[in-house]
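Worksheet: the structure to be examined is printed underneath.
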Amino acid sequence: MTLRAFPAALALVAATAGAQQPAATAKVGPTLIKNATVLTVTKGRLENTDLLLQNGKIAQIGKNLSAPAGATVIDATGKYVMPGIIDPHSHSMADAINEGSLSVTSMVRIRDVLNPTDINIYRQLAGGVTTINVLHGSANTIGGQNAVVKLKYGKDLDEMLFPGATPGIKFALGENVTRKNSQQAAQAQGQPLRYPATRMGQEEVLRDAFTRARDYKATWDDYNARVAKGEKNLVPPEHDLELDPLVEVLEGKRFVHAHSYRADEMLMLLNIAKEFGFTVRTLQHGLEGYKIASEISQAGTGLSTFADEWSYKIEAYDAIPYNTAIAMRHGVVTTVNSDSDERARRLNIDAAKMMRYGGLSEDSALKTITYNGAVQLGIEKKVGSIETGKDADVVIWSGNPLSVYSIAETTFIDGEIFFDIKRDQAKREEMAKERAALEAADRRRPVVP
């Protein structure tokens with residue numbers, strides 16, 4: 001039995017808390033990329049530079065490197081190499097994204113419904129994406145637990161979960177939660193409204209949930225303290241699957257990624273977090289973040305937004321394309337995300353737009369789709385920039401990746417090729433021949449009356 005065949009069933013046996021655990025993977029041979037323009041993101045641009053990928057890591061960076069025995073050598077003269085793109089807000093691979101029954105569904109996990117055969121994985125590899133943060137939808141004030149995934153297309157799900165990634169959880173604010181249209185339709189049919197139906201109700205749901213989580217944590221803290229003192233015959237408190245993840249939030253062991261649009265609702269959530277002593281890791285979308293950029297920065301919260309998508313509903317009307325640049329100039333760790341299977345394949349162009357709208361430098365623009373996303377997910381020591389010792393998640397581009405004329409030619413994850421444009425073309429030709437042969441055989445088959 002493999003996770004490819006039964007992703008949900010086998011994922012259930014994994015631990016419910018703590019960092020995602022790695023799976024055993026086969027070693028791949030070393031690769032030497034020569035004479036490329038290397039965009040390190042954190043240490044500037046390196047011209048005519050070689051990159052050695054070995055044992056799944058970036059082993060060496062420099063000029064005139066020697067290839068170890070058995071290495072594959074790629075001549076990247078005139079080409080660019082950059083870190084794999086990180087999408088901090090994705091719903092790819094998920095067979096379902098909303099458990100819309102309750103206002104608080106912190107007990108459910110997106111990893112239990114991930115499909116490792118989703119064709120969007122391959123398409124995103126072709127756009128230079130190597131890591132995604134798969135989130136629940138925004139139907140509930142407190143949704144479910146996220147999954148950080150390396151896009152190892154063709155592997156089992158347990159090999160795709162990013163080892164050591166900090167767990168997270170999806171929150172949501174605004175119209176998606178209040179369900180203005182669907183609630184009215186349900187009420188017209190005599191069905192009861194689901195609480196909350198207003199923004200002030202959302203605040204109460206958050207305060208109630210964390211009050212219960214704080215009390216639950218105090219009960220466990222008391223029990224553990226008494227055990228440590230050597231008291232006997234103690235009965236442990238009952239585990240609460242709804243509150244366990246929220247206790248992890250209070251303890252700083254689980255990140256909060258909060259769907260939000262308006263400045264007032266974002267401030268409300270930041271105030272709730274301050275009241276209960278935790279930090280919101282990211283405001284997702286945060287289209288009015290520019291209005292409260294100082295407050296977001298002071299809270300130590302990140303922003304993950306769109307490059308240029310707005311006015312698709314009332315609460316998105318005040319969005320501006322300068323949101324990213326304004327937030328970054330206030331010291332906010334900011335990223336550009338897709339929230340879309342299609343936009344995910346073009347995040348390099350969304351990053352380029354940030355140079356147009358706000359005048360970001362090349363490195364700052366690239367950070368919005370690489371290093372900053374790694375910071376937001378707690379994986380910056382492993383990915384997000386080209387540095388010796390980091391995971392060999394790199395992409396070779398035909399030209400500058402911030403150009404609309406450039407394409408991703410080869411995408412590596414942990415030093416293994418998961419997309420190569422020449423292999424792709426050869427496979428297409430092979431499949432075309434196979435199709436033609438099958439069609440010819442079908443035409444020759446006698447017709448049975």
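The values are calculated or read from the model by the stated rules, or taken from the named source; none is laboratory data. Remember, it's a predicted structure, so these values are computed and weren't measured experimentally. Glycine also receives a Cβ, built like all others from the backbone with ideal geometry; neighbour counts cover every protein chain displayed.
Worth pointing out:
- Filter pass, residue 235 being modelled with pLDDT of 95 or more, out of contact with any Gly (no Cβ under 6 Å at 6 or more places or on another chain) and part of a loop (DSSP other than H, G, I, E, B): yes
- Subset of the stretch 74-101 that is hydroxyl-bearing (Ser, Thr, Tyr) and either surrounded by fewer than 18 Cβ atoms within 10 Å (Cβ to Cβ) or assigned to a loop (DSSP other than H, G, I, E, B) (or both) - its residue that is modelled with the lowest pLDDT: 101
- The strands (runs of 3 or more DSSP E) found entirely in the stretch 244-323 that carry 3 or more residues being of a type outside the set (S, T, N, Q) and at pLDDT 95 or above are 255-260.
- Residue ID - surrounded by the fewest Cβ atoms within 10 Å (Cβ to Cβ), chosen from residues in the stretch 331-355 that are farther than 25 Å from residue 295 by Cα and of a type in the set (Gly, Ala, Ser): 340
- The criterion of being under 13 Å from residue 86 (Cα atoms), modelled with pLDDT of 95 or more and touching a helix residue (DSSP H, G or I) at 6+ places or on another chain (Cβ under 8 Å) does not hold for residue 373.
- Cβ separations smaller than 7 Å between residues 6+ apart or across chains give the following pairs from the stretch 106-119 residues that are under 20 Å from residue 206 (Cβ atoms) to residues that are part of a loop (DSSP other than H, G, I, E, B): 106/242; 107/241; 107/242; 108/99.
- Check on residue 328, surrounded by fewer than 18 Cβ atoms within 10 Å (Cβ to Cβ) and outside any loop (DSSP other than H, G, I, E, B): no
- Among residues of the stretch 290-303, those that are under 21 Å from residue 378 (Cβ atoms) and touching a residue at least 24 places away in the same chain (Cβ under 8 Å), counted: 6
- Options 315, 380, 309, 387: the member that is surrounded by fewer than 24 Cβ atoms within 10 Å (Cβ to Cβ) and under 18 Å from residue 133 (Cα atoms): 380
- If the condition is being under 26 Å from residue 368 (Cα atoms), in a loop (DSSP other than H, G, I, E, B) and at pLDDT 95 or above, then the stretch 12-43 contributes 40, 41, 42, 43.
- Pairs with Cβ under 6 Å, 6+ apart, first in the stretch 257-280 and surrounded by 24 or more Cβ atoms within 10 Å (Cβ to Cβ), second among the aromatic types (Phe, Trp, Tyr): 258/171
- Looking across 189, 202, 124, 145, one residue alone is at pLDDT below 95 and either more than 30 Å from residue 422 (Cβ to Cβ) or buried (at least 20 other Cβ atoms within 10 Å of the Cβ) (or both). It is 189.
- Residues of the stretch 355-399 satisfying the condition of being in contact with a Lys or Arg (Cβ under 7 Å, 6 or more places away or on another chain) and either among the hydrophobic types (A, V, I, L, M, F, W, C) or within 20 Å of residue 332 (Cβ to Cβ) (or both): 376, 383, 392, 396, 397
- Candidate set: the stretch 102-120, residues that are β-branched (Val, Ile, Thr) and part of a helix (DSSP H, G or I); chosen: the one surrounded by the fewest Cβ atoms within 10 Å (Cβ to Cβ): 119
- Qualifying residue in the stretch 246-267 (condition: more than 26 Å from residue 216 (Cβ to Cβ), more than 17 Å from the chain's Cα centre (by Cα) and of a type in the set (Gly, Ala, Ser)): yes
- Within the stretch 375-403, tally of residues that are of a type in the set (A, V, I, L, M, F, W, C) and under 21 Å from residue 74 (Cβ atoms): 7
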